[in-house]
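The values are calculated or read from the model by the stated rules, or taken from the named source; none is laboratory data. Everything quoted here is computed from the prediction, not taken from an experiment. Note that we place each Cβ from the backbone using ideal geometry, even for glycine, and neighbour counts take in every protein chain shown.
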Amino acid sequence: MRLQAKNACHSASRSARLQTCKVQIQCTAGNHNNNAPCLLASKTQPEAVKLGRKLASIALAAAVALSPLVPAAGVAASEAVATSDAALELQQAYDKYSASYDELDGGAAAEALGFPQLRAELLAQAWGRTLEVAVGTGLNLQYYSWAAPPPSTSTSALPAAAAAAAAAAPASSSSGREGVTSLDTVDLSPGMLAQARARVRGSSGLAGRPIAFQQADVAALPYADASFDTVVDTFSLCVFPDPQAAMNELARVVRPAAAGGGGGGRLLLLEHSRSDNPLLAAYQDATAGPVAALGKGCVWNQDVEGLAARAGLRVTRAERFAAGTVELLVAEKR
Ligand SMILES: C[S@@+](CC[C@H](N)C(=O)[O-])C[C@H]1O[C@@H](n2cnc3c(N)ncnc32)[C@H](O)[C@@H]1O
């Protein structure tokens, strides 16, 4: 089996890739009536390429499965918030994805890649006044460690991964930081926000928590400089029309590192990233267009550490997963 993938939108804008790219994927042997399965690697390919194809096949298969998406019922989209045409296109696209989003990003493929555990590990480090941008359907909400116990929920209601990560997290125990005191969340898509609100209403561990939802574009966050102790983003830098502008905004609203260490603000990031394996990185570069077109706009070869450095952030922890294609970063503002 040989794969030929032509990215007809190699030089197109991100929004054009999302909406209009024509991805041509042909299997030159075998009887394939679906593009996704033909990405499974031939036995003669190097290991890194095989792994890359497997990862891409997960993204593509899921995207294909989600293609007949219907708009979420009762969602009134506001066009006033998006700061660009590209952002508005994403807003409308995610309104359509919202009802089915959890089947992909919270489903079996995500679990196979260990994403729930990574979310738990990351979010156990949140503390104080916290902002989560691009909150989506709220897949992270269950993983926050709160400063005060919930009105009527015991810790046994926490998912096992969250409880284990909270127990292992160094942040609150070693620095005297004692969990999240309030959580502001933003997303551009009213449909995604509606799902997140419903998640909170339906969870005894979340209902009654100080969680606020607001429709906003990450490129123009409605908060003053240095407003937050913790700023969180997961799996969204790859989607934003201008990832650098987004990272700059995250850096703007987080409190600077405290002189002498301890007590300063921090950014918590879990992102699709260009692999540190050169072969796999080359594969990501070559397939970024098709993957974005079929994978809800995610451009999966982001230089996340470069974006952070250019935003004036210092990375204090960086770990890679999924063959280097997912990066967990903790950063502070210099
Ligand atoms: C791939 S989803 C990730 C959602 C969530 N962070 C998670 O980890 O499951 C990307 C999210 O980014 C949001 N988004 C896209 N562009 C945005 C923008 N310019 N400002 C704010 N949110 C945006 C989408 O509506 C969507 O909810």
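Do any residues in segment 196-207 that are crowded, with 17+ Cβ neighbours inside 10 Å have Cβ atoms under 8 Å from those of residues that are among the charged types (D, E, K, R) and assigned to a loop (DSSP other than H, G, I, E, B), where the two are at least six apart or on different chains, and which pairs are they?
Once the first residue is crowded, with 17+ Cβ neighbours inside 10 Å and sits in segment 196-207, its partners that are among the charged types (D, E, K, R) and assigned to a loop (DSSP other than H, G, I, E, B) give Val200/Arg209.
Condition test on Ala292, is it small (Gly, Ala, Ser) and closer than 21 Å to Ala216 by Cβ? Steps first, please.
Values: small (Gly, Ala, Ser): yes; closer than 21 Å to Ala216 by Cβ: no.
So Ala292 fails the test.
Could you give every pair whose Cβ atoms fall below 6 Å, whose first residue belongs to segment 97-108 and is within 13 Å of Asn140 (Cβ to Cβ), and whose second residue is aliphatic (A, V, I, L, M) and within 12 Å of the ligand (Cβ to nearest atom), counting only separations of at least 6 or pairs across chains?
Sorted first by the residue in segment 97-108, then by its partner, the pairs are Gly106/Leu139.
Quick one: what pairs do we get from segment 227-242, first residue more than 10 Å from Glu132 (Cβ to Cβ) and in contact (Cβ under 8 Å) with a residue 12 or more places away in the chain, second assigned to a loop (DSSP other than H, G, I, E, B) and aromatic (Phe, Trp, Tyr), C-beta under 8 Å, 6+ apart or different chains?
Correct list of pairs: Asp229/Trp127; Cys238/Trp300.
Just give me the residues in segment 300-334 being among the β-branched types (Val, Ile, Thr) and within 16 Å of Gln244 (Cα to Cα), in sequence order. Spell out how you get there, then give the answer.
Within segment 300-334, the subset among the β-branched types (Val, Ile, Thr) is 304, 315-316, 325-326, 330.
If the condition is that a residue be among the β-branched types (Val, Ile, Thr) and within 16 Å of Gln244 (Cα to Cα), then Val304, Val315 are the ones that fit.
Consider segment 204-245. How many of its residues are assigned to a loop (DSSP other than H, G, I, E, B), more than 23 Å from Gly264 (Cβ to Cβ) and among the aliphatic types (A, V, I, L, M)?
Count: 4.
Using the structure shown, decide if Gly128 is more than 15 Å from Phe235 (Cα to Cα), away from the ligand (no atom under 16 Å from the Cβ) and modelled with pLDDT under 90.
Details: more than 15 Å from Phe235 (Cα to Cα): yes; away from the ligand (no atom under 16 Å from the Cβ): yes; modelled with pLDDT under 90: no.
So Gly128 does not fit the description; no.
Considering only residues that are among the aliphatic types (A, V, I, L, M) and outside any helix (DSSP H, G or I), look in segment 182-194 and name the one that is farthest from Ala219 (Cα to Cα). Show your work before the answer.
Within segment 182-194, the subset among the aliphatic types (A, V, I, L, M) is 183, 186, 188, 192-194.
Remaining after also requiring outside any helix (DSSP H, G or I): 183, 186, 188.
Details: Leu183: 19, Val186: 11, Leu188: 10 Å.
Here the answer is Leu183.
If you go through segment 213-259, how many residues are polar (S, T, N, Q), in contact with a Ser or Thr (Cβ under 9 Å, 6 or more places away or on another chain) and within 11 Å of the ligand (Cβ to nearest atom)? Can you show your working first?
Of segment 213-259, the ones polar (S, T, N, Q) are 214-215, 227, 230, 234, 236, 244, 248.
Narrowing further to those that are in contact with a Ser or Thr (Cβ under 9 Å, 6 or more places away or on another chain): 214-215, 230.
This time we only want the ones that are within 11 Å of the ligand (Cβ to nearest atom), so: 214-215.
Qualifying residue count for the region: 2.
Against the definition (in contact with a strand residue (DSSP E or B) (Cβ under 9 Å, 6 or more places away or on another chain) and free of Cβ contacts under 8 Å to residues at least 12 places away in the same chain), how does Glu319 come out, yes or no?
On the way: in contact with a strand residue (DSSP E or B) (Cβ under 9 Å, 6 or more places away or on another chain): yes; free of Cβ contacts under 8 Å to residues at least 12 places away in the same chain: yes.
Judged against the criteria, Glu319 is a match.
Only one residue in Arg274, Arg197 is assigned to a helix (DSSP H, G or I), modelled with pLDDT of 95 or more and charged (D, E, K, R). Which one? Even if it seems obvious, please write down each step before you answer.
On the way: Arg274 fails: assigned to a helix (DSSP H, G or I).
The unique qualifying residue is Arg197.
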